[in-house]
Every structure is written in C-alpha cells, then in structure tokens.
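Worksheet: the structure to be examined is printed underneath.
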Amino acid sequence: MEGKPDHPDRFRLAIARRVVERGPDRTEYRLWHLDPDRWRLSSDMNIDDLPYWDRVSTPKAVWSLSPGQLAVVDPHERPYGRNYSQAANEIMDHYRLIRYAGMAEGVCASLRPMRAIWDGSDWIGIAESENGEMVAEWRGRLHQNGILLLDSRVVTKSKKYPNRVGLRLEFRDWRNVEGGHGVLGGAVSLHRSDGELLRRLTLLETGRVRSEEFAALARIPELAGDDPVRGAVQPASMADYRPGKDVFLIANDAGEYTSEPISSSWRTRRSPVRVYAGWLVAAGIVSLGVLAWRVRRSVSN
C-alpha cells in the first residue's frame, strides 16, 4: 500500500503490524463514578497516536482529553460526534459482563430463564429467546456462603446469527466488592467455539470515591496545566463548544495558543444521535453507586 495513503485497508494493515510487533491491543480503564451525571472514564492504550483518552461528565460540562485535544461541550447541547457521555456505553458493556456473568449483555439480556439443574454442587441454567431461536447455557457452582458463582456461558443455538453458536464466556476469580456492591468477576474471557481467545477483561481493583476527590478529577484542566490523572498536559488544540464560547485554540511550535471562532451553525443541525441512549445508560449504570474501579481489556486480532 506504499504511495496509497487513502487505501481503505491501510488502517487494518496498521493494526495487524501493531499486533505482530507488540501483541494484542490492550486498554486499561479507570472509572470514577458518583451518579449517572458525574463520572470520569480514563482509558490507557498501547497505541502511539492515542496513548490515552479521558472523558468526563458533570452537570455543568462534559469534556474529553487526549494528547491531541481538549474538547468541552454542554451536557444538553453538543455537536454530532462530540457526545462524550456515550463513553458510559463502552464501560457498561464490560461492567455487565463482570457483574452479571453475561446475563445482561447484548442479545442474551432478552433471554428468558427456562430451566435449571442442580445436583448439590454443580448448577446448570438454560435460557432462550421468546421465539426459541436463541438458547444459552450457564454453568456454575454454589459457594459455601450460598452465592451462586458462574463459571461459563455458551451460546448453544442462534438461528439468526449461526456464527455465535459455540461462543463461550468464562468467569474466574469472583470477589466481594467494598461497600456492599455485591460480587464481581475478577476475570472474564471470550472464546470462539474452537477455543481461540477473542477478548479478556481483568478487574484490577475497586474502591470508594469521595465527592471532594471527584471534584478534582472532574475539573477542566488549564491549557499547559496539570490534571490529577495525566499530570502536566498540553494538548495540541482545544475546542470549546459551550454556549457563549464556540472557540478553537491551536498550539504552535513554541507551545503558544492562538484562537479562532467556531461556527455556531452546528447548533441548527439535528444530530442523528438518539436521545434514548442517554436514559438507557443512566438506568444501567446507576447500580454502580459511588464506586471507583479499574479494569484491563485485551483483544486478540
């Protein structure tokens, strides 16, 4: 693909080279969460062009920070492609896997329990869709304290998506969570039917987060200033889309910022992002409570 910078497969080639040189892509997430409107998600990646990406939500402002840009938007009015609040969707997928053992994730969230088998130690549960076209099976064991700890989930039937048959989730290292938040799986892995590993999630730690701690984490960093997570930051640019701001700043070689106005015409364009995504996330993430957690995700390509 030399000499063809716009080739559609150039991005895939870059990923393949990176995997060969460094191994599977890995992302480490740190989440500080007070409620559906106040949280910070920090993502660290083994990618040169984007080593980290932070997204923060507060009732007054939602903002994003990477080495390339600090962007700030109004929580209720944001340009298309700048809906940083949707970052909660990303982490919620991981949270559901770790908390609910694949019972509240993807298509399996709509399955209905049909029957369960328990022989005194081992447990099997089977659930299927309303039309019977999809079936999944969970296996686990009863812990001595009466809690059911699941070991695996496998899709045994999928008429609409036959390639899902045999997909297997494995759960390990179940642990109690500080503050009465129940039991979380310490490690979750997704495998193809032939056993090939596709993805692994590892829960690194959990803890409590105080309101004053979150206030510091959620404060919009000054340009060429300090951030409690990233330390000294000096993004290449800043875009502020809040009402009365609409300004874009870019740094020159000397690290000095020059500004130019952002056209406010975006405010008159309807965004294709649907509103229901917001309340769907709010309904799901509220169960996290006042919690800080760190999880690592690795992907095999």
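Observations on the model:
- Strands (runs of 3 or more DSSP E) contained entirely in the stretch 57-138, each with at least 2 residues that are in contact with a helix residue (DSSP H, G or I) (Cβ under 8 Å, 6 or more places away or on another chain): 62-65, 69-73
- When every residue of the stretch 208-220 is checked against the conditions, none turns out to be of a type in the set (S, T, N, Q), surrounded by 13 or more Cβ atoms within 10 Å (Cβ to Cβ) and either in contact with a strand residue (DSSP E or B) (Cβ under 8 Å, 6 or more places away or on another chain) or at pLDDT 95 or above (or both).
- Filter result (surrounded by 12 or more Cβ atoms within 10 Å (Cβ to Cβ) and more than 20 Å from residue 258 (Cα to Cα)) within the stretch 227-246: 227, 228, 229, 230
- Long-range neighbours under 7 Å by Cβ, at least six apart or interchain, first residue more than 14 Å from residue 38 (Cβ to Cβ) within the stretch 214-228, second of a type in the set (D, E, K, R): 221/227
- Within the stretch 104-115, residues that are surrounded by fewer than 14 Cβ atoms within 10 Å (Cβ to Cβ) have Cβ atoms under 7 Å from residues that are at pLDDT 85 or above and of a type in the set (Gly, Ala, Ser) in these pairs: 110/129; 112/127; 113/125; 113/127; 114/127, counting only partners at least 6 apart in sequence or on another chain.
- Residue pairs whose Cβ atoms lie under 6 Å apart, separated by 6 or more positions or on different chains, with the first residue in the stretch 21-39 and at negative phi and the second modelled with pLDDT of 90 or more and in a loop (DSSP other than H, G, I, E, B), are 37/59; 38/58.
- So residue 184, is it among the aliphatic types (A, V, I, L, M) and either modelled with pLDDT of 90 or more or assigned to a helix (DSSP H, G or I) (or both): no
- Only listed residue being part of a strand (DSSP E or B), at pLDDT 90 or above, over 21 Å from residue 240 (Cα atoms) and among the charged types (D, E, K, R), chosen from 40, 26, 30: 30
- Any chance residue 135 is modelled with pLDDT of 90 or more and within 24 Å of the chain's Cα centre (by Cα): no
- Tally, over the stretch 59-89, of residues that are of a type in the set (D, E, K, R), under 21 Å from residue 229 (Cβ atoms) and touching a residue at least 60 places away in the same chain (Cβ under 8 Å): 1
The values are calculated or read from the model by the stated rules, or taken from the named source; none is laboratory data. Given the structure is predicted, the values throughout are model-derived calculations rather than measurements. Cβ sites come from the backbone with ideal geometry, for glycine too, and all protein chains shown count toward neighbours.
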